[in-house]
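This report refers to the structure that appears directly beneath it.
The values are calculated or read from the model by the stated rules, or taken from the named source; none is laboratory data. What you are looking at is a predicted structure, and each value in this text was computed from that prediction instead of being measured. Ideal geometry is used to build each Cβ from the backbone, glycine not excepted, and the neighbour counts take in all protein chains shown. Surface accessibility is based on the protein's heavy atoms, side chains included, excluding ligands, DNA and RNA. Shrake-Rupley method; radii C 1.70, N 1.55, O 1.52, S 1.80 Å.
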Amino acid sequence: TPSNPNNNNNNGNDSAKDEDHPFLDRVLRSKEFNALMVILTIYALFGDDIRLAFYELENDQTFYLISTFAMLMFIVEMCLQFYFRVEYRWGFYFVLDILSTVSMIPDTGLLEELMEEMSGGDEATGTMKAGKTSRAGAKAGRVVKIVRLIRFVRIFKLLKIRKQKEDDSEESNEGKTLEDKLQDEPSKVGKKLTELTVRRVIVIVLAMIMLFPFLDDPQSLIGDNPGINSYEVTKLDDLHKLTTVHNTTGNITKEFFKEQVKRFAGNVEKEILYMELYNWDPLITNAWVREETNKHVLYDDTETVFKNYRRSDATTPGGVGSGCAPGSPFTDACDSGVYYNLADLNRDASKFSLLKTIVIVIGLSIAVISFSKDAESLVIEPIERMIKLVKKLADDPLASLYKEKDEEDGHDAFETSLLETTLEKISSLLQVGFGVAGAQIIQSNMSSGGDLDVMIPGKKITAIFGFGIMEEFTNTCSCLEEDMCTYINTIAKIIHDNAVLYHGAPNKNIGSAFLLAWKICEGVLPGLRDLRDAADAPVLPPGKKHELRMNMGVMSKGGAEKERKLPPTEIVEAALVGVLKMRMDVMKANEAGGTLERFKKNEKIVNYYEGRFEVEMGFGLHIGWAIEGAIGSNYKIDASYLSPNVNMAARLEAATHQFGTPLLLSGPFCEELGRDAKAMCRKIDVVTVKGSQIPLELWTCDVTDLDAEAVAAITPRCDDGTQLPLDMTRLGPAIQRSVPEGFGQVFGEGVEMYIAGDWAGAKAKVEQALSMRGGKDGPCDSL
């Protein structure tokens, strides 16, 4: 968090700065600039080690220039971040950026040049000091540069968070209030996160402690003169003393001294680049060394040495002794000394340093990812899923909210999981409670902020309305008592399952009654006659009706996984078949082993009905317009349909008792059926109803067979996850096989005579039809 306490004021200043300098702000936000900083960050981590490990002296200036450019760009980025980002100023990452940028100074070559200037005219002394300082600075720089690893690991995450904040900042700051803070004990999620964090920190620290000794720079184990062993120091001192204190009498011969020099050259592990012994010409001692071994590359002066080797690669343990030899290239004015070639050791050390940096990067990356994963899985992901659930419900209030759960995630007891599950249940209850008619209420309130608003205007739609009632409800309720809810819900499952399976939707449950709806379109279906129309109202020609309805339809998936578009005729036929399937399932549920058998065997039911109780239902189907919307107040609302057409469906069901049939269909409904579906139905009367100027035809549809063939014909089929249209040519013969041949024609002729007023002819035909059904047919008896 930023250290500046005046965040609100600064935010305003930032906005003004963004407007005053839009170009700089766009540069800071641009993908190109951030990509460049990523590349330079990677170079800052590995560039100097790559230079020492794989390149020669002549390439150093190129690396110095790149490092200088990188450091300048980091400074520019810091300035831009400091100017435009309040949260960055004097914060944690601001300090890290300063340290990591300062750590690049040794990589630019500036330190080495400074040390050369400080050395004055003594070139050799300056060279040695600069080499030591350069190595120390490089090591310190690598340690300090570790802080930039955090930016390297986090940079992509920071870019994502920045973009998300830019997109969501305006919405997230509106309409929010600060609730009272909870004073309870830490949550389970907090405890789990703390536990996982502590565990991972311990593992990572222990891993680094055990691994880093194997990756340490081998030179760092020696001390002040890396890479120089004790023999190479003490033997050089002995050679010096052979020419001074040990030869005061002059007894040490030239041959003996030569033999000692050759032995030193043979035993030294490193390659000698230059050697000078007190009072001896380097050309002579070099010749002795070459006689002993050719493993050393001997130069005649130090100037040539440093033209071919980096100062850090040509290393001396320091001069020994004291004397008066002017111009000696070692520490004191008159010393003996030697330069060793440490290029291979430095190269190996750089490789080890490179490997260590890579290991640190990997380790920190794993740490950040593991820590982030815990927060993601325990907190962020559940919150994101809850947000998606709300958005999904706002986009499609009737969408499926089922979510597959990972049984092994172990997070079910955490608060976030409980909250997520609760939100899913509340959302599902909203869908169940409001249904299709309340979809607009859910969508409107979920997609907008503010208080709950149920006073939403309704909208006009066209739909098929089905009304079903359980018979003998009052008596069964008295007998079943507490089991009555289970009894109703058992039947409701049959009704609702089939309504959804055949592209409809349950709407209201009123004790013994069920209101179902099959929505066709918004507004009025073109060409659909209304019962309130005048008798002489013009009728839309079939061709024009077909043209206007050609592109109309409703998306539905029924009982399948994928949706498809259903034209109006198919929806009307689906409503008919859905009600027929409800009747079939209720009849099957009454059979032995059916879901209603236990209620039939209830002791009070058996006694009251003397063992002859059967669950029966009557249905009415009608098509027409209605107003879809919410009725009620903030205390209680019901989402339903308001229309005389809904009442007509209820009146049709009530008339089933009069006509002795469990299903009555209105004439407007049957007019919308296809030819094969309409052939399954029979007209049984024409009546006038209150409020209608058009006589209403009454139709019914018989179901006489419940065997496997009938069930197979009426059950929808799916292909590739999509529910296929019903095969009406197959359905009629399957469910009406027991209807006597010719019955429909005889009965139809009788009805037409009845309508025309030919009472004698009608009576004869109806009696004939009744005899064909064995004297058992409700519509025949009614006529």
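If you model the range 458-581 as an ellipsoid using its alpha carbon gyration tensor, with each semi-axis the square root of five times an eigenvalue, the axes come out at 34, 19, 11 Å, biggest first. Measuring only protein heavy atoms, the 1.4 Å probe finds HIS21 accessible over about 70 Å². Counting charges near CYS780 (Lys, Arg +1; Asp, Glu -1) among other residues having Cβ under 11 Å from its Cβ returns a value of +2. For the listed peptides 753-759, 511-517, a ranking on the average number of other beta carbons within 10 Å per residue, highest first, reads 511-517, 753-759.
The heavy atoms of TRP90 present about 150 square angstrom of accessible area, all protein chains included, probe 1.4 Å. The candidates GLU653, GLU87, GLU32, arranged from most to least accessible area with a 1.4 Å probe in the full protein assembly, appear as GLU32, GLU87, GLU653. When Rg and Dmax are taken over the Cα atoms of the range 604-667, they come to 17.1, 48 Å.
Residues GLU255, GLU741, sorted by accessible area with the largest first, give GLU741, GLU255 [1.4 Å probe; ligands and nucleic acids excluded]. Per-residue surface analysis assigns LEU724 an accessible area of about 50 Å², computed on protein heavy atoms at 1.4 Å probe radius.
Counting only protein chains, not ligands or nucleic acids, how are SER666, SER556 ordered by accessible area (probe 1.4 Å), most first?
Output order, biggest surface exposure first: SER556, SER666.
The local environment of GLU291, defined by Cβ-Cβ distances under 15 Å, has a net charge of +3 under the rule Lys, Arg +1 and Asp, Glu -1.
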